[in-house]
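The values are calculated or read from the model by the stated rules, or taken from the named source; none is laboratory data. Treat the numbers as computed from the prediction; the structure is a model and nothing was measured. Glycine gets a Cβ as well: all are built from the backbone with ideal geometry, and neighbour counts include every protein chain shown.
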Amino acid sequence: MFIAGEWVEGGGGQTQDIINPATEETIGQLCMANGADLERALVSAEQGLKDWGRISPWTRGTIMKDAAGLIRSRSKDIAMLMTREHGKTLLEADVEITRAADFIEWGGEEARRISSRMFAARDADARVMIEYVPVGVVAAFAPWNYPVLQPSKNWRHLLEPDVPVFSSQQKKRLHPLMRCCNAFLMQVCPLM
């Protein structure tokens with residue numbers, strides 16, 4: 001698992017096999033997080049919230065659009081992994097990856113429209129101001145049947161109120177999602 005900028009094994013040392021549902025072949029192992037791992041990830045995410053918030057929305061948008069491009073360039077490999085892990089057809093997996101990249105790119109484009117707003121209030125001498133501020137760390141869970149598409153809908157919100165999003169999935173289904181996360185890591189980590 002990836003915590004605080006590095007790949008680590010779960011503190012409890014437990015793993016779970018990743019099984020190809022078509023062949024029942026073991027194609028990998030997933031390390032299991034324990035409470036200490038989750039606490040370390042939360043502390044790291046809280047720091048990441050501060051670091052990410054210091055990057056301008058325009059730059060965050062560029063990061064997200066670049067990450068979408070990396071996901072698209074790797075879509076065939078990611079789709080193959082999804083097929084092996086989830087049993088989707090290659091076409092279904094490729095469509096999911098493409099749509100996920102589209103959501104992420106859309107979120108990157110929305111960065112240009114993030115701004116505070118001020119407008120007149122009911123009283124003539126008052127003004128109402130809406131300002132986007134960090135609200136905290138979010139845990140986002142994905143269903144087994146859309147392991148990349150659903151989290152991508154959460155990732156696009158990385159721009160709006162400066163919220164880092166943890167993504168996790170049920171049981172053993174993480175590999176395609178981690179490949180997509182890697183596209184973000186390649187774009188973000190050099191800036192922090």
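Points worth noting:
- The listed residue being small (Gly, Ala, Ser) and either free of Cβ contacts under 8 Å to residues at least 24 places away in the same chain or within 17 Å of Gln150 (Cα to Cα) (or both), out of Ala93, Ala45, Ala111: Ala93
- Residue within region 38-54 that is modelled with pLDDT of 90 or more, crowded, with 19+ Cβ neighbours inside 10 Å and more than 21 Å from Pro143 (Cα to Cα) present: no
- Residues in region 27-38 that are farther than 15 Å from His86 by Cβ and either free of Cβ contacts under 8 Å to residues at least 24 places away in the same chain or outside any loop (DSSP other than H, G, I, E, B) (or both) were compared, and the one that is nearest to the chain's Cα centre (by Cα) is Leu38.
- Selection of region 71-85 for residues being more than 12 Å from Glu96 (Cα to Cα) and buried (at least 18 other Cβ atoms within 10 Å of the Cβ) yields Leu81, Arg84, Glu85.
- Matching entry among Ala41, Ala93, Ala79 (being assigned to a helix (DSSP H, G or I) and in contact with a strand residue (DSSP E or B) (Cβ under 6 Å, 6 or more places away or on another chain)): Ala41
- Neighbours by Cβ (under 8 Å, 6+ apart or cross-chain): first from region 126-151, more than 21 Å from Ser116 (Cα to Cα); second surrounded by fewer than 11 Cβ atoms within 10 Å (Cβ to Cβ) and modelled with pLDDT under 75: Trp144/Lys171
- Residue among Val163, Val95 that alone is surrounded by 15 or more Cβ atoms within 10 Å (Cβ to Cβ) and at pLDDT 90 or above: Val95
- Among the criteria (1) modelled with pLDDT under 90; (2) surrounded by 13 or more Cβ atoms within 10 Å (Cβ to Cβ); (3) out of contact with any Cys (no Cβ under 7 Å at 6 or more places or on another chain), the one Thr15 does not fulfil is (3).
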